[in-house]
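The values are calculated or read from the model by the stated rules, or taken from the named source; none is laboratory data. In this text the structure is predicted, and so the values were computed from the model without any measurement. Cβ atoms come from the backbone with ideal geometry, glycine included; neighbour counts cover every protein chain shown. We work out accessible area using only protein heavy atoms, side chains counted, and drop any ligands, DNA or RNA first. Shrake-Rupley method; radii C 1.70, N 1.55, O 1.52, S 1.80 Å.
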Amino acid sequence: MDFSYSEEQQMLQSSVSKFVQQDYDFHRRCKLVSSDTGFSLENWRLFAELGWLMVPFNEQDGGLGGSAVDLMVLMEEFGRGLVVEPFLATAVLSGGLIADSASEAQKRELLGLLMEGQLQLAFAFAESQSRYNLADITTNAKKEGDAYILNGHKAVVLNAEAADKLLVTVRTSGVQYDREGVTLLMVDADSEGVSRQCYRTVDGHRAAEVKFKNVKVPEANRIGVEGTALPAIEKSIDRATLALCAEAVGAMEKIYKKTVEYTKTREQFGVAIGKFQALQHRMVDMFTEYEQARSILLMAVLQWDSNKGAAPKAVSAAKSRIGKAARLIGQEAIQIHGGIGVTEELDVSHFFKRLTTIQYLFGSTDFHTLRFAEH
Amino acid sequence: MNMDFSPEELVFQQDVRQFLREKLPPDIRESTLKEIPLAKENFVRWQKILYEKGWAAVNWPVEYGGTGWTSTQKYIWANECANFGAPDVIPFGLNMVAPVIFTYGSEEQKKRFLPDILQSNVWWCQGYSEPNAGSDLASLKTTAVRDGDAYLVNGTKTWTTLAHYADWIFCLVRTGEPEVKNQAAISFLLIDMKCPGITVSPITTLGEYHEVNEVHFDNVRVPVANRIGEEGQGWTYAKVLLTHERTGIARVAIAKKRLQNLKSVAKETGDSGTNLLDNTIFAQKVAEVEIELLALEFTELRTLAAISTGNAPGAESSILKIKGTEVAQRLDELYVEIAGYYGMPFVKDQFKSDFDGEMVGPGLITSSTPRYINNRKASIYGGSNEIQKNIISKWVLGL
């Protein structure tokens, strides 16, 4: 048993950490969030140059090995900086799907470009009625000759605005909740009949409602076998969930520490408020939640790596436990900061927003608690 | 002991219902029911309608234009308003400064200020907190130095809600020598926001709202005639104000209405062929908040009953602030759960009547996360919940 990072992992950690500390301070992030694109293409090129876009992929696919531990190392640092570049949407969610399910020819076409920073992707899986059920799909595709005709509406598609291509879950047979009959299509984002209603998300990322009206998709752009895409979709969401959990752990560490530091300097009643036992115990709870969150994350990434990605129960355990920790740490960080904690000018409040959306993204805390129980 | 309304109270309830049906403007009602923030002019419009009816000031004595209602009548009023969609009053004038003016102000001050508050002609804001005097309010540093028949006021107030709309501000300022014990050197001043030397700078709060401000005073001349009562007694007056305005602090009636809405939205929200209220985990959470609210309603009623028998509300009413904000924040959070992925979009102002973009999401539930985030302030403002616990531990438990 050994919980220490390898030399390569230490190098990865220190290079991401250096970027976050030196090039990604809070004010720069605020500017990116309110910019037209919502993130920096220059940063994205830098991610490619530094090899970070290769982290989620196997060596056979041209990546760095694709271990969940590596991904955790990187995402934790991103969490400390609240990085808004669409690493999760492009490299983890969509890239993972392509690596797991696409043909060799498709991989050759796409993964190289992705890792070079030349390709932005979005994974359109949620629908307005679906909640967290990945099989609840009404978007449909009918075969016509050597193409599919795609119709439907995908909800809250992360990074859809910047995406060159959309990976879309569609129903090619069966009815709404069937596990069979789910197919994955890759659609050029500027295809005729695709419309994107883009918006900012509460946590400073970008997403869109994407509507498909009689969109013609060549059969060659199907990823994997028709009708059997669901297991790969679930695996991709699980991988992204782990990455998101790591981001949350990084963000939680940052704000429990910031809260402790603040209470050492903020004085009321003639003393630093950190001297009050009522607050001390609450910050101890924040710290303990963080430690438990880190532990369950480690459990899950190690299970993922040893089971080659077949670890739904471990992923749900992590998401459930980390969601609980994110709730407590986020709410307490704001409350203990007091008035200043509810202002936009304080970075802690932006960590709180991200920790809020993380609790619901890819399945709420309750959803994953139940999924854990059912597996 | 009984909890039935008397025949007279039932008649009163019918009167209230009829009045709301006939007089509440439909646009104000719709926004209130949808929890969309109202513009200032809408509050003013509604307040003037209430004034016409003689119902503008639920908590004032009759001699100043109040209703003189019993606590049961106030309870009926609050519940009917919440149910029907009448907006809450803006408290700073009606419920906060007015009781100080009619309790401690001079006859001249009463004549000058109360009628305009009643008709919502003049809007007030509260100048208490300062950057370094939050929970420890008595350490405030804004000074008022006597200069002939005026004070020269210098300092900064913060978290000043609606200062950007206010015509007047009521302030706690330091008038005595700095070595005098903190509370004994504080006076209560009424200050015209148009005075030279006052600047208001906005603070953007979570969810990108502009509700609070910093208010800076740079050699602002305030006539001594604008001081309430005696110099150095401001802290006493402010404390009375804080304990006076307890009815409604728990916002029970509004929480009941919101809970009812929450349940109907949850029932309409599909979840793999069922609805969210069929999900036992979610249903249990809703039930827990409903039970807490039932208890809170009776805690509030007990407090009201104590007031009506002549017992001034004591520190125990801090319970109402703590539990009221906890219930409200829990409801906010359950709305976020219902929203699912639609908790993520942030489309500013999409539910305001002048929004001309394309709507995102399945209706109002889409704004639940910004509302949840924004309302974290509730357990911080008006004396944080930690301060309320200090009050209970000191004044109730004797610790």
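A few remarks follow.
- At R0 = 60 Å, FRET efficiency that the Cβ-Cβ distance of residue B:42 and residue A:191 yields, to 0.05: 0.85
- The ratio of the alpha-carbon radius of gyration of region A:7-119 to the globular-protein estimate 2.2 N^0.38 Å is 1.05.
- Over 26 Å (Cα to Cα) - which of A:319/A:353; A:142/A:165; B:239/B:389; A:258/A:313; A:143/A:213; B:53/B:352 fall in this group: A:258/A:313; B:53/B:352
- Radius of gyration and maximum dimension Dmax of the protein assembly as shown, Cα, Å: 28.9, 94
- Shielding value for B:383-389 is 2, the average number of Cβ atoms from other chains within 10 Å of each residue's Cβ.
- Taking B:111, B:74, B:48 as the candidate residues, the one with maximal mean-square fluctuation in a Gaussian network model of chain B, Cα springs under 10 Å, is B:111.
- Once the Cα gyration tensor of region A:310-351 is diagonalised, semi-axes √(5λ) in Å: 30, 10, 4
- Other protein chain C-beta atoms within 10 Å of residue C-beta, averaged over A:206-213: 2.
- Rg over Rh for chain B works out to 0.97, using Cα positions for both radii and the Kirkwood form for Rh.
- Rg over Rh for chain A works out to 0.98, both radii taken from alpha-carbon positions and Rh defined as the Kirkwood radius.
- Inter-part distance where region B:99-165 and region A:1-64 are each reduced to a Cα centre, Å: 52
- Relative contact order of region A:122-228, pairs being alpha-carbon contacts under 8 Å that are 6 or more residues apart, as %: 31
- Carbon plus sulfur fraction of accessible area for chain A, probe 1.4 Å, in percent: 51
- Buried solvent-accessible surface, both chains (B, A), 1.4 Å probe, Å² to nearest 100: 4100
- Heavy-atom surface of region B:57-137, accessible at 1.4 Å and reported per residue (Å²): 37
- Net charge of neighbours whose Cβ lies under 9 Å from the Cβ of residue A:304, counting Lys and Arg as +1 and Asp and Glu as -1: 0
- Mean separation of Cα pairs under 8 Å and 6 or more residues apart, divided by the residue count, gives region B:123-242 a relative contact order of 29 percent.
- Accessible heavy-atom area order of A:337, B:210, A:27, highest first, probe of 1.4 Å: A:27, B:210, A:337
- The protein assembly as shown, helix-only ellipticity at 222 nm - DSSP H runs n ≥ 4, -39,500 (n - 2.57), divided by all residues, nearest 500: -14500 deg cm²/dmol
- Taken over the Cα atoms of region B:156-314, the convex hull encloses 182 Å³ per residue.
- More than 27 Å apart - percent of Cα-Cα pairs taken over region A:231-374: 27
- A simple packing score, the average count of other Cβ atoms within 10 Å per residue, orders the peptides A:250-261, A:214-225 as A:250-261, A:214-225, with the highest score first.
- GNM result for chain A, Cα springs below 10 Å: residue of A:49, A:344, A:77 fluctuating most strongly: A:344
- Along each principal axis, Cα extent of region A:178-250, largest first, Å: 41, 29, 22
- Note on chain A: with a GNM built from Cα contacts shorter than 10 Å, the maximum mean-square fluctuation among A:74, A:82, A:346 falls on A:346.
- Buried on complex formation within region B:318-358 (loss of at least 20 square angstrom of accessible surface versus the isolated chain, 1.4 Å probe, ligands and nucleic acids ignored): B:333, B:336, B:337, B:340, B:341, B:342, B:344, B:345, B:346, B:358.
- Which of A:166, A:220, A:145, positive extreme of dipole for region A:122-228 (C-beta unit charges): A:166
- For residues of A:357-367, the mean tally of beta carbons on other chains within 10 Å: 4
- Projected-area average for region A:122-228 over all orientations - Cα convex hull basis, square nanometres: 6.2
- Charge-dipole axis of the protein assembly as shown as Lys and Arg at +1 and Asp and Glu at -1 on Cβ define it, positive-most pick from B:390, A:81, A:268: B:390
- Delta accessible area of at least 30 Å² on complex formation, residues of region A:177-205, 1.4 Å probe, chain isolated as reference: A:177, A:197, A:199, A:200, A:202
- Taking the Kirkwood radius as Rh and the Cα radius of gyration as Rg, region B:7-89 has a ratio of Rg/Rh equal to 0.96.
- Relative contact order (%) - criterion: Cα under 8 Å, at least six apart; region: chain B: 12
- For the listed peptides B:8-14, B:151-157, a ranking on the average number of other beta carbons within 10 Å per residue, highest first, reads B:151-157, B:8-14.
- Percent of Cα-Cα distances greater than 21 Å, calculated over region B:246-396: 53
- Positive-pole candidate from A:340, A:350, A:311, dipole of region A:287-375, charges at beta carbon: A:311
- Other residues with beta-carbon under 14 Å from the beta-carbon of residue A:365 carry, at +1 per Lys or Arg and -1 per Asp or Glu, a net charge of +3.
- Summed side-chain charge close to residue A:346 - residues other than residue A:346 whose Cβ falls under 14 Å, Lys, Arg +1, Asp, Glu -1: +2
- Listed by chain and number, the aspartates and glutamates placed with their C-alpha closer than 12 angstrom to that of residue B:321 are B:245, B:300, B:386; residues fewer than eight positions away on the same chain are left out.
- Solvent-accessible surface (1.4 Å probe) assigned to residue B:359 amounts to roughly 100 Å².
- Taking all protein chains together, A:355, A:298 sort by accessible area into A:298, A:355, largest first [probe 1.4 Å].
- Of A:31/B:323; A:275/B:256; B:23/B:110; A:211/A:324, pairs whose Cα-Cα distance is over 31 Å: A:31/B:323; A:275/B:256; A:211/A:324
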